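Some notes on the structure that comes next.
The values are calculated or read from the model by the stated rules, or taken from the named source; none is laboratory data. Just so it is clear, the model here is predicted, and its values are computed rather than measured. Here Cβ is always computed from backbone atoms with ideal geometry, including for glycine, and neighbour counts include all displayed protein chains.
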Amino acid sequence: MCKRGSSLAWTPVTLPGVATLTRIRFWLVVFVIGLVLSGVTAFPLQSEASLLARVLHASPAPDVAPWLVEWIDRVHTGLDVTYRDYPFIAYGTDWLAFAHLVIAIAFWGPLRDPVRNVWVVQFGMIACVAVVPLALIAGPIRGLPWWWLLIDISFGVFGVIPLLIAYRYIRLYRGGLTVTVVAADASAVQPDWAGASARTTQLPGASVR
């Protein structure tokens, strides 16, 4: 404990700014919007495939990229047959869509308190990275063309970018919560134990650097 009359000097402190928190929330919202769009568009697959097939056939795509039109037509036919004869199969993609929406809801935690709930952002980054091996392993087994795997992998690549940016700002924001008190005159400070010449003080909810 310091003697009465001792002098302490506060080191310069960068308190967490509103701008940093705003940047964190902006990039998290970008990721959440992507999740919601991916989830919502996974419900009407048959209608979307039908629309895409009509658009491609009405464009120069059959002459420019016949392989693309052929694949979309195959997907469209497969969905039509499945929805007509085995509609319960679509229940699986309904759960896929629902999973995207549930994960999006989980990001409400870091939107409210990014430091305490940073693990949600880390979980999201891991999930994005895991997209790559999933596409490379499951894609060929299911008979998908190699170029379609690149489209699937791009979801993980573009998904991890806003999370990486948000994670960087979260670390800066957390660093701004740190404050250290240093003795201005070591001789004026006498701690309760021998050999110590300074004491660090931690603000509530902050970490000591």
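The residues on offer are Phe123, Phe158, and the sole one that is touching a Cys at 6+ places or on another chain (Cβ under 9 Å), part of a helix (DSSP H, G or I) and within 30 Å of Gly176 (Cβ to Cβ) is Phe158.
Residues are listed down the side, and each one gets a yes or a no for (1) of a type in the set (Gly, Ala, Ser); (2) modelled with pLDDT of 95 or more; (3) within 27 Å of Gly175 (Cα to Cα); (4) outside the structural domain of Tyr167 (by TED's automatic domain parsing):
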site: Trp67; (1), (2), (3), (4): no, yes, no, no
site: Glu70; (1), (2), (3), (4): no, yes, no, no
site: Val81; (1), (2), (3), (4): no, yes, no, no
site: Tyr86; (1), (2), (3), (4): no, yes, no, no
site: Ala97; (1), (2), (3), (4): yes, yes, no, no
site: His100; (1), (2), (3), (4): no, yes, no, no
site: Trp119; (1), (2), (3), (4): no, yes, yes, no
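Could we say that Val64 is β-branched (Val, Ile, Thr) and either surrounded by 12 or more Cβ atoms within 10 Å (Cβ to Cβ) or within 19 Å of the chain's Cα centre (by Cα) (or both) here? So Val64 does not fit the description; no. I want to confirm something. Restricting to segment 152-180 and keeping residues that are modelled with pLDDT of 95 or more and among the β-branched types (Val, Ile, Thr), which single residue is farthest from Gly39 (Cα to Cα)? Checked segment 152-180; the qualifying residue farthest from Gly39 (Cα to Cα) is Ile170.
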